[in-house]
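Take a look at the structure set out below.
Here, each number is a calculation from the coordinates, and none is a lab measurement. None of the values given here were measured: they were computed from a predicted structure. Positions of Cβ are generated from backbone atoms using ideal geometry, with glycine treated the same way; all protein chains shown enter the neighbour counts.
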Amino acid sequence: MKKAIILFIGIVLFSSCDIGKDRLVGKWDDIIKLSTKKVEFGAKADSVIIKTEGDWWWITHIKLNDSLYSYDGSDSIDLGSDHYKIVEDDFVVERRDKNTLFVKLIDNLTGGERKMVISLEAGDYFDGIVITQKGK
């Protein structure tokens, strides 16, 4: 009798799960909702403010051309907080509050284009911002 009850409960639980064919297990919908994902700057120093609708997200890493910057496990930056500032030689990235990201690049004095990618995560959802800066 116990086996029949456990089997019945198991069937009810598994049949009530809603995993549609169009939705992959472990892949979340967009919960960050960036105001923009692509930005273009001229060669001069410039900045942008990007808003989010979601407030539970963090920066996983930043890539500027061939340089990769990762702050996971950093003692000086708490990526889980609502406010932090990342300062490097060529850029500043600041999470000003739960829904605001500020990005600034210095003058691009090279002859070539610069590309910055800021990768964001919220649980099992991944997104990013691509900033292209023209060369001098």
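Charge tally for LEU105 (other residues, Cβ to Cβ under 9 Å; Lys, Arg +1; Asp, Glu -1): -1. When Lys and Arg each count +1 and Asp and Glu each count -1, what net charge do the other residues less than 10 Å away from ASP82, Cβ to Cβ, add up to? Neighbourhood net charge equals 0. Evaluating 6.51 cos²θ - 1.76 cosθ + 1.60 at θ = phi - 60° for every residue in the stretch 102-108, the Karplus couplings come out as 10, 10, 9, 10, 7, 3, 9 Hz, glycine and proline recorded as x. Among the listed pairs LYS27/LYS85; LYS98/LYS134; LYS51/LYS104; LYS51/LYS98; LYS44/LYS104, a Cα-Cα separation exceeding 18 Å is found for LYS27/LYS85; LYS98/LYS134.
Put simply, the amide H of ASP46, placed in the peptide plane, has neighbours under 5 Å in LEU105, leaving out anything fewer than 5 places away on its chain.
Put simply, the amide H of GLY128, placed in the peptide plane, has neighbours under 5 Å in LEU120, leaving out anything fewer than 5 places away on its chain.
Shown for ARG96, ARG114: other C-beta atoms within 10 Å of each C-beta, ranked fewest to most, produce the order ARG96, ARG114. Karplus-derived 3J(HN,Hα) values for the stretch 39-44, using 6.51 cos²θ - 1.76 cosθ + 1.60 with θ = phi - 60°, are 9, 10, 10, x, 6, 6 Hz; glycine and proline are entered as x. Summing charges over all other residues whose Cβ lies under 9 Å from the Cβ of ASP55, with Lys and Arg as +1 and Asp and Glu as -1, gives -2. Projecting label points 7 angstrom from Cα along Cα→Cβ for VAL117 and TRP56 puts them 2.7 nm apart.
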